[in-house]
Every structure is written in C-alpha cells, then in structure tokens.
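J.: Sharing a structure with you now.
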Amino acid sequence: MTDLHRLSIRELSEGLAQAKFSSRELTQHYLNRIAKIDNQVQSYVTVTTEQALAQADAADALRQAGNATTLTGIPIAHKDIFCTQGIKTTAGSKILDNFISPYDATVVAKGKDAGLVTLGKVNMDEFAMGSTSESSYFGATKNPWALDRVPGGSSGGSAAVIAADLAPFATGTDTGGSIRQPASFCGLTGLKPTYGRVSRFGMIAYASSLDQGGPMARSAEDCAYLMNVMAGHDAKDSTSMEKSVDDYVANLDNTTLNGLRIGIPKQYFNVDGLSNDVKVRVEESLKKLEELGAILVEIDLNMTEAYVPTYYLIAPAEASSNLSRYDGVRYGYRCDEPKDILDLYKRSRSEGFGAEVQRRILIGTYALSAGYYDAYYVKAQKVRRLIQQDFLKAFESVDVIAAPSAPTTAYKIGADLTPVEMYLGDIYTIAVNLAGLPAINAPVGFDQDQLPVGLQLIGNYWSESQLLSIVHQYQQHTDFHTQRAAIAEENA
Ligand code: GLN
C-alpha cells in the first residue's frame, strides 16, 4: 500500500481494526518514508526503528488477542523535549546530546499505554526557546511547504513531520506559542490546552508556569484523538488539574456554530508587522464562520502592548532558574579537564548552551537579582494578572476570541532576525500562556508564496472540547487542512 500516510487517524484506526493492514506494515511504511524523505526535511533527531517495529509487533499481537483499543498500533513522533526511557532526549541542546532518561514522561507513558508506536524524537529550538527551530544544536528543520523556509518553533520538528507525512500526528509543547505558530507555518491543526490539563512530568522545563504539552496533527479530529491520550491529572505533576477529562472525539460535533459569539480584538488587527495576506486570510475564515452561524463581536484587549515585555521577563526568569540544573556535574555535557569546580560550571555551561539560551539565562538572572527583582519580575507578575483579567472580562461577552496565530507566514531560513524582531513575532500567542488559557490553530489558506496561514481561536479555561469542535466544523466546510505540500506527495 502506497498511500497509508494519507489516512486520517480515524481511518488508520478503522483500517487496523478491519485488518486492512497491520501496525507493522503501517510502521514500516512510515520508516520507509523517513529514510527516503527526511534528509530533505531534517525533522527527526532520533529515529527509533527497532523499538518502533517491536512496538508494532506487540500492537499486532494485542489486536490478534482481541485486546486492541482505538489507537493501538498507530505511529507517533514525540518532540525531543519529552523524556523517553532508553532513547536519548536532547531538548535540541548540546548540553543534553548524550542524555538518556531513566524514565518516560507521563505523556509518553500514556501514549505507550494507548498502544501508540514511537517512530522517534523530533527537532526543536534549543530548550524550546525560539520561533524557527534554528536554535537547535542539531541544525535547522525545513518547512515541507518550502524547503528554504523554517517550520516555525519551537515545535518545528513536530510540525514538519506531519506536514511531510513522516508521522500521522505528534506531541508538541507550547510555552509561548510553540504548538500554534509551527502549526500555522506548516498548515496544521495544533491545540495548546489549558495550563494543568496535560501533565508536565518528564517534559524538560523551560518556563514552568507557562509550559504545556498538546497535540499537533492535520485536523481537529486527529488532534482530538491525541488529546484523549494526553489529557488528565497526574500525581507526579503538582500543577496538573484534578478534573474529569472530556472525550474530545465524542464531543467533536457538540458545539453549535449557530449563535457562537466570536470576539475580534480591535488591537490585534492593527499590530505593526501584521502581513496583509495573513490579515485577509484570517478575515475570510471569520467570514466563513459567520456564514456557518457565528456572530462576530468587536472587543477590546487593552493590554496587548504589554504582552511581549511581560512574557520576555517571566519566561527567561523561570528559564534561568530551571536551567541552573545543567552544571556539568550530575548529567549532560561536561567540559574537558576542568581546573576547579567554578571552571567546570562556567565552561560546561558556556560550551553546552547555545547563544539564545545564554541570552535568556542572562536576562532572567538579571530580572531575578536582588535590587531588580521588584522592578522587573514582580512588576511583570502584576501585569500578567492584568492580562489575564483582560481576557476574563472579554469572556463575559464572547465565547471564544479570534486572532492570527502569527503576524506572518514562515520566515526564510537564515533570515537572521534580531532577537527583538523574533520576540515581536510572538505577539498573538504569548498572552494565552501568561493567562493559562487554551487556544488552537487552524489552517485557513495560503499567502501569495503558497505558504500556509493560520487562524487562532482562544477559549476560556477548560474549553478544549469547544475549540476542537469549532475547528472540526469549520474543517467540514473547508479543505485547507487536507492540502499537502509537494514533498508529502512523494512516495517511498
Ligand atoms: N517563541 C517563544 C519563545 O521563544 C515561545 C516558545 C515556546 O512556546 N516554547 O519563548
């Protein structure tokens, strides 16, 4: 079979159940594609061929025995930020180049319990800091829609594997847009859940009060299947919420677009640097939702100007604290022949971390230092609360809020944006993390260079089902999510 990679997750599940193909055939099919095509995309850091085939055989045996469940035997790629027992986990960094975790992240363990087959670990910006995946120690991943473009970041590898059909779905993480922006750049659907919905245990920390794992796939329906696996309380993550989990697949048709109130923040459509193509495609998608019954309501989000400075204080502050554990002593990279303990720390860290990570550690350490803590960190926390209140006020009059996911489509590789230019590109995504809200990206068309454009819908707390359902219904009436990059059409 040459076209297994074109099937949706539901079709894969049905095909396996009806014995149209085995998990081994399906897994081998993806491994063949990776062997043939990934040298162009460079999305995998590690391909776990042997383990994948063993897991596929185990899945087939389970099915033979009548014990298969919905996703038994379906392949997945994991962002290389999720710890995988026995397989290296790098977070895109030299400092973890040889790190093999002694345990699985909860998300990975849940995937195994559901019978998913791990194809491998995929590339990302170093420690998830970035918007292009170029800060990875392992080099830049290419955007399958245009190989001279970035796939976005930090979950750029996750987006690229799906867009090139090198995995049917993938895990991602989103601290300030890292699921939604690469999904937007690669024409995919990606959901950033409410903070606390998905366990962070075994997910390498960037900024702990913002980090959240979530699903990336072609459609909302595919994401719903993965969300059913990922979501849920975990005693090993004290910030994970003890709250019942929806059946996201069963709920896909449960939200009616008829009368749904979509807030359009005035401030968001006057942002400097918003590309006209993005603006027009997003407006068209909103018109489509209006045709399907939704009501568009103009709203105010007055704190918009504060998003970038607030996020770029809080995220680096938390990062500087989280990354202090990489000291060359316990695990990870260690410099050669240290003179003494200070030299060991200094050289291990300056040789092990890349430039962007070092920049964030410096900013964060400064913001947390005595004398500056109140002026920067504490103030940023207060503004963070105001940003959250701004959203909560908006949700008194609307059901969801619409925005672009990013002001532009995918950048050229090597565009060499200054840090500030890059940070400004996060304007539409980072406030959602500061407020802890869920949000989704849906593909809504292409710009004049045939690069995908994404619409973002932001929901109130715990509204993942609603967001998936809205996008699912939009996708029943549009075909942007089914369009494929030329490289995905190549057969292996
Ligand atoms: N681009 C943002 C940053 O660099 C967001 C990254 C993320 O969500 N991990 O911090």
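The values are calculated or read from the model by the stated rules, or taken from the named source; none is laboratory data. Since this is a predicted model, take the numbers as computed values, not measurements. Positions of Cβ are generated from backbone atoms using ideal geometry, with glycine treated the same way; all protein chains shown enter the neighbour counts.
J.: Could you please tell me which pairs satisfy a Cβ distance under 7 Å, a separation of 6+ or placement on different chains, a first residue in region 120-149 that is within 19 Å of Asp426 (Cβ to Cβ) and assigned to a strand (DSSP E or B), and a second residue that is more than 10 Å from the ligand (Cβ to nearest atom) and among the hydroxyl-bearing types (Ser, Thr, Tyr)?
T.: The qualifying pairs are Arg149/Tyr411.
J.: Could you identify the single residue in Arg334, Arg347, Arg360 that is farther than 30 Å from Ile299 by Cα, touching a helix residue (DSSP H, G or I) at 6+ places or on another chain (Cβ under 6 Å) and without any contact (Cβ under 8 Å) to a residue 24 or more places away in the chain?
T.: Arg334
J.: When you go through Gly214, Gly259, Gly196 one by one, which is the residue that is under 30 Å from Glu126 (Cβ atoms), away from the ligand (no atom under 16 Å from the Cβ) and of a type in the set (Gly, Ala, Ser)? Show your work before the answer.
T.: Values: Gly214 fails: away from the ligand (no atom under 16 Å from the Cβ); Gly259 fails: under 30 Å from Glu126 (Cβ atoms).
Answer to the check: Gly196.
J.: Which of (1) in contact (Cβ under 8 Å) with a residue 40 or more places away in the chain; (2) part of a helix (DSSP H, G or I); (3) surrounded by fewer than 18 Cβ atoms within 10 Å (Cβ to Cβ) is the odd one out, the single condition Tyr103 does not satisfy?
T.: So the condition that Tyr103 fails would be (2).
J.: Looking at region 405-418, is at least one residue within 23 Å of Gly156 (Cα to Cα), in a helix (DSSP H, G or I), without any contact (Cβ under 8 Å) to a residue 40 or more places away in the chain and within 16 Å of the ligand (Cβ to nearest atom)? Even if it seems obvious, please write down each step before you answer.
T.: The initial filter retains those residues of region 405-418 that are within 23 Å of Gly156 (Cα to Cα), namely 405-418.
From what is left, the residues that are in a helix (DSSP H, G or I) are none.
Checked region 405-418: no residue is within 23 Å of Gly156 (Cα to Cα), in a helix (DSSP H, G or I), without any contact (Cβ under 8 Å) to a residue 40 or more places away in the chain and within 16 Å of the ligand (Cβ to nearest atom).
J.: So, Val453, is that one away from the ligand (no atom under 16 Å from the Cβ) and not aromatic (Phe, Trp, Tyr) or not?
T.: Details: away from the ligand (no atom under 16 Å from the Cβ): yes; not aromatic (Phe, Trp, Tyr): yes.
Answer is yes for this residue.
J.: Continuing with the same structure: Restrict the check to region 84-101 and report whether at least one residue is closer than 24 Å to Met227 by Cβ, modelled with pLDDT of 95 or more and hydrophobic (A, V, I, L, M, F, W, C).
T.: Yes, because at least one residue in region 84-101 is closer than 24 Å to Met227 by Cβ, modelled with pLDDT of 95 or more and hydrophobic (A, V, I, L, M, F, W, C).
J.: Among residues belonging to region 463-492 that are touching a helix residue (DSSP H, G or I) at 6+ places or on another chain (Cβ under 8 Å) and among the acidic types (Asp, Glu), point out the one that is modelled with the highest pLDDT.
T.: Residue satisfying both the conditions and the ranking: Glu464.
J.: Another question, then. Among the residues of region 359-386 satisfying the criterion of being surrounded by 15 or more Cβ atoms within 10 Å (Cβ to Cβ), β-branched (Val, Ile, Thr) and away from the ligand (no atom under 16 Å from the Cβ), which is nearest to Trp462 (Cα to Cα)?
T.: Result: Val383.
J.: Further, regarding this structure: Do you know which residues across region 303-316 are under 21 Å from Gln389 (Cβ atoms) and either not in a helix (DSSP H, G or I) or not charged (D, E, K, R) (or both)? Don't jump to the end; show me each part of the working.
T.: So the first thing to find is which residues in region 303-316 are under 21 Å from Gln389 (Cβ atoms), and the list is 303-315.
If the condition is that a residue be under 21 Å from Gln389 (Cβ atoms) and either not in a helix (DSSP H, G or I) or not charged (D, E, K, R) (or both), then Met303, Thr304, Ala306, Tyr307, Val308, Pro309, Thr310, Tyr311, Tyr312, Leu313, Ile314, Ala315 are the ones that fit.
J.: If you take the residues of region 119-141 that are buried (at least 23 other Cβ atoms within 10 Å of the Cβ), closer than 30 Å to Ala56 by Cβ and not aliphatic (A, V, I, L, M), which of them is farthest from the ligand (Cβ to nearest atom)?
T.: By that ranking, first place goes to Gly120.
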